[in-house]
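Input: a single structure, listed below in structure tokens.
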């Protein structure tokens, strides 16, 4: 895989493929199977994935954060891996400031998505910290300059003072629950006034009985037909954000209520429908990874506020 990264470092679409098959290749040409109606008539039925050809800049932050966390647990990359990583970060320095398809793989054209910019900041931040931690050769002056440029752009263009929130992309008033990761990944302090205001805006626009929608497709068309349910992944992100913001009672209530939507094995699908049914990919790894993260971080926040724990738990029941 590192060889593929090095080979593609100069490619306009990026040194990383957006997704890979289980055999390590990336041939994921999308086809529509018109002869199949899908589960409960949920056409179109597709194989492959058209998103494989999209530019999604957020993948660099997610990948680099994984490398960084692995390093913290003694899973260090070797010399060849470091060279490939540097090539990737140098490519990102040249290409972060462009529209992309975003984490939700929209089919209605590229935008300057705030989440993608934020994840580019994460990629540079983690690469800088790795280089400093181990004394590895790196163009730190350039990396730091680009990291600062991304941060300043998000604070100026990702923040919408009329809405009082960070918004989905530049020049819009649409909210996006992917931004719930901003305090978790260290971009903003969890009790910064801008973040607390953003969290309240998400409360109003994207939360329904403690469950969280990705965004509002009616005001931010994504090229997909029909309605969708709330996203389990986003609800668990919401739990984490509430806990970090000091809203422990809300976090506990949301977390415990979410447990009522699991199946008899405690598993979650990608979405939860209007009547509580499980929709989409099942079981979905993202949902359960977010569940684990939310549980760990909520437990940590409750431990820090030990004197308040019994009171919070009592109120939630």
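Quick notes on this one:
Each row is one residue, and each column tells you yes or no for (1) within 27 Å of residue 163 (Cα to Cα); (2) outside the structural domain of residue 100 (by TED's automatic domain parsing); (3) more than 18 Å from the chain's Cα centre (by Cα).
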position: 205; (1), (2), (3): yes, yes, yes
position: 215; (1), (2), (3): yes, yes, no
position: 240; (1), (2), (3): yes, yes, no
position: 245; (1), (2), (3): yes, yes, yes
position: 250; (1), (2), (3): yes, yes, yes
position: 261; (1), (2), (3): no, yes, yes
position: 290; (1), (2), (3): no, yes, no
position: 295; (1), (2), (3): no, yes, no
position: 302; (1), (2), (3): no, yes, yes
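- For residue 9, the conditions (1) within 20 Å of residue 130 (Cβ to Cβ); (2) at pLDDT 75 or above; (3) in a loop (DSSP other than H, G, I, E, B) all hold with the exception of (2).
- Wholly within the stretch 131-210, helices (runs of 4 or more DSSP H) carrying at least 3 residues that are modelled with pLDDT under 95: none
Yes or no, residue by residue, for (1) surrounded by 12 or more Cβ atoms within 10 Å (Cβ to Cβ); (2) assigned to a strand (DSSP E or B); (3) modelled with pLDDT of 90 or more:
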position	(1), (2), (3)
253	yes, no, yes
267	yes, no, yes
276	no, no, no
308	yes, no, no
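- Test: residue 217 is modelled with pLDDT of 95 or more, buried (at least 19 other Cβ atoms within 10 Å of the Cβ) and in a loop (DSSP other than H, G, I, E, B): no
- Flag if residue 150 is out of contact with any strand residue (DSSP E or B) (no Cβ under 7 Å at 6 or more places or on another chain), crowded, with 21+ Cβ neighbours inside 10 Å and at negative phi: yes
- Scan of the stretch 278-305 for residues that are touching a strand residue (DSSP E or B) at 6+ places or on another chain (Cβ under 6 Å) and part of a loop (DSSP other than H, G, I, E, B), ordered by number: 280
- Residue in the stretch 89-113 that is surrounded by the fewest Cβ atoms within 10 Å (Cβ to Cβ), counting only those that are farther than 15 Å from residue 60 by Cβ and under 15 Å from the mean Cα position of the chain (by Cα): 105
- Considering residues of the stretch 74-127 that are without any contact (Cβ under 8 Å) to a residue 12 or more places away in the chain and assigned to a helix (DSSP H, G or I) only, the residue nearest to residue 139 (Cα to Cα): 94
- Verdict on residue 210 being touching a residue at least 40 places away in the same chain (Cβ under 8 Å), in the same structural domain as residue 183 (by TED's automatic domain parsing) and within 17 Å of the chain's Cα centre (by Cα): no
The values are calculated or read from the model by the stated rules, or taken from the named source; none is laboratory data. Not measured: the values here are computed from a predicted model. Methodologically, a virtual Cβ is constructed for each residue, glycine included, from the backbone with ideal geometry; neighbour enumeration extends over all protein chains shown.
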